[in-house]
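See below for the structure under consideration.
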């Protein structure tokens, strides 16, 4: 065999390997690409399926669906006002509690806490996010609700008696379960999300900025209030919105403690319902196309609301990332 | 400015400072208290009713004692199958975003949508699977439950895969390419190798996320009081059993609900902690 033939043989063998490799490579590229496209299709599919499923209800009620409070499976009159109200109010209560507490914990972790305690406390708070929502539900129903019923709610009713506005919010018999209890449980559930994002964005503040303020004689509180918070505003709001998105869609924990009443009570102690709790409770029992379709329409409303909130949160956090030069 | 004014302002600032710090301290205390209280209750109530029967008996009819064997089996099977379906798709999508399609428009869009799916209400996913599987087939089935869970697992895996692959330094990729390795081999041998611990973490977190999911199973795999291995029939699972038993008026059922809650929580928290240690040992190595 002469040398020239030999190299030619290697040459063709190499080309075969190269051709095979590039074939495999484009196969891998398209395989992974189609997986990525599948994620998009999934979202499209969810929206499409929800719209399709809720068409009968939309045709029947139109926009009146959102403004009607009645929810009567027997006469087949369905309105989404009570669940929407419950969803919004429970989430607002949750945010009212979880936002200050979450920011407080973030301040504690970033500014006050000794270095060795940072990680354990962060981990402990994040473990709250790991606990499944059904556990919050069962805990809320058997532990928190009786406690509220026996001590806290009577105290609230007694304290606010005679105070305008607040008297109405805290009136009626203390059931234990209801809008307020659901809001409380939700606040514990969204706390870890708000805390971890707030802590992360607090840590993006350049130490130089903080130290200049300290150098001018600022107290820790003044540094947090006038340097850290203004610098991280977008991120903190993004974290809040993310928490809100969670609170709006939370299902099982709320289903346990909200009382499942399709009406809008003026009192926060009254039982109510949320969109997700109504679906969880009634879907398997719903008979008749209109009933099922109304519940799916509720799901569509929930999805649209959370989509808007979550998208806003992501856009805000993205903007922050860009600012940080990531 | 007189001396008294200055000192009173100084006092006021100090008061604000101590007040704010005390509030931050209390806030942390509240968070930790909530965790301790919930876990404490679970351990107390769960261990109180834990017995061998739980793992050897079926879920009982009302008023009788029994166990959770069929529910535990159902949860295991559905979780494992969902992981087997969701993980490869998620890793593939994440690989595209970090490797082949980095900085493309498709990747930016998928990342945005994926982040939204990550926190989307899980009950909506249940409705979706009901619409596309349960309604056309005419009956609830374990396969529908698997489908719902794999949809929930997907965004978690996509997110961590992309994040972890982006952490692999480009110089490694370039070194492998310079040796003549085709792209798919670079990804498989170099990138996956370097990001192994991170990818495992993603899968563990995803499994932790779905093992406690209840809402999407309510109207997909439903529940089954009896032992069933038929994937085309309704199948029992721990979360839905806990839901039904906890809301029932029977003390035996409520006890089993607490035991189930304990089992799920311990599983989920173990997975979470395992995932964390995987990440932190990796950080120490670097």
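Quick one: helix A:81-107 against the long Cα principal axis of chain A, what's the angle to the nearest 10°, folded into 0 to 90?
70 degrees
What percent do you get for the relative contact order of the range B:122-245 when only Cα pairs under 8 Å and 6+ apart count?
Relative contact order for the range B:122-245 comes out at 40 percent.
Does anyone have the angle between helix A:289-323 and the longest principal axis of chain A? Alpha-carbon axes, 0 to 90°, nearest 10?
Helix A:289-323 sits at roughly 60 degrees to that axis.
Per DSSP helix of 4 or more residues, -39500 (n - 2.57); summed, then divided by the residues of chain A. What does that give at 222 nm, rounded to the nearest 500? Could the numbers behind the result be given before it?
Details: 14 runs with 231 residues, N = 326.
Roughly -23500 deg cm²/dmol at 222 nm, from the helical runs in chain A.
Picking from B:137, B:58, B:97, which is most flexible by a Gaussian network model of chain B using Cα springs under 10 Å?
Comparing B:137, B:58, B:97 in the GNM, the peak value goes to B:137.
Using only DSSP helix segments of four residues or longer, with each worth -39500 (n - 2.57), what per-residue ellipticity at 222 nm results for chain B after dividing by its residue count and rounding to 500? Walk me through the numbers before you get to the answer.
Working: 11 runs with 200 residues, N = 286.
The helix contribution divided over chain B gives -23500 deg cm²/dmol.
Among B:34, B:261, B:135, determine the one that fluctuates most according to a GNM of chain B built with springs between C-alpha atoms less than 10 Å apart.
Highest fluctuation of the listed residues: B:34.
Considering every residue in A:276-283, what mean count of other chain Cβ atoms within 10 Å of its Cβ is obtained? Spell out each step's value before the answer.
Working: counts 6, 2, 0, 8, 7, 2, 0, 6.
The shielding value for this peptide is 4.
What's the FRET efficiency of residue B:244 with residue B:139 using the Cβ-Cβ distance as r and R₀ = 22 Å, to the nearest 0.05?
0.70
How would chain A be classified by its alpha-carbon gyration tensor: rounded, prolate or oblate, with rounded meaning a/c under 1.5 and the a/b versus b/c comparison settling the rest?
oblate
Obtain the nm distance between the two label points defined at residue B:10 and residue B:84 by a simple spin-label model: each point lies 7 Å from its Cα along the Cα-to-C-beta direction.
Those two pseudo-labels are separated by 7.3 nm.
What relative contact order, as a whole-number percentage, does chain B give when Cα pairs under 8 Å and 6 or more residues apart are counted?
26 percent
Using the 10 angstrom Cβ neighbour count as an exposure proxy, how do A:48, B:243 rank, fewest first?
Sorted ascending by nearby Cβ count, the order is A:48, B:243.
Hey, got the average number of other protein chain Cβ atoms within 10 angstrom for residues in A:108-118?
Taking the mean over all residues of the peptide, I get 2.
Among rounded, prolate and oblate, which fits the range B:99-234 when a ≥ b ≥ c are the square roots of the eigenvalues of its C-alpha gyration tensor, a/c under 1.5 means rounded, and a/b larger than b/c means prolate?
Numbers: a/c = 2.85, a/b = 2.33, b/c = 1.22.
Prolate shape, in that a/c is at least 1.5 and a/b is the bigger ratio.
Taking the Cα atoms only, what angle lies between the long axis of helix A:115-130 and the longest principal axis of chain A, rounded to 10 degrees?
80 degrees
Let me have the relative contact order for chain A, percent, based on Cα pairs under 8 Å that are six or more residues apart.
Taking the mean separation of contacting Cα pairs over the length of chain A, I get 26 percent.
Can you put B:95, A:32 in order of Cβ neighbours within 10 angstrom, beginning with the fewest?
A:32, B:95
Between rounded, prolate and oblate, where does the protein assembly as shown land on the alpha carbon gyration tensor, with a ≥ b ≥ c its root eigenvalues, rounded for a/c under 1.5, else prolate if a/b exceeds b/c?
Oblate.
Hey, in the GNM for chain A with a 10 angstrom Cα cutoff, which one of A:191, A:41, A:112 fluctuates hardest?
Among A:191, A:41, A:112, the largest GNM mean-square fluctuation belongs to A:41.
If you count, for every residue in A:120-133, the Cβ atoms of partner chains within 10 Å of its Cβ, what is the mean?
Neighbouring Cβ atoms belonging to other protein chains average 6 per residue here.
Coordinate-derived values only; no laboratory data. The model shown is predicted, which means the values in this text are computed figures rather than measured ones. Glycine also receives a Cβ, built like all others from the backbone with ideal geometry; neighbour counts cover every protein chain displayed.
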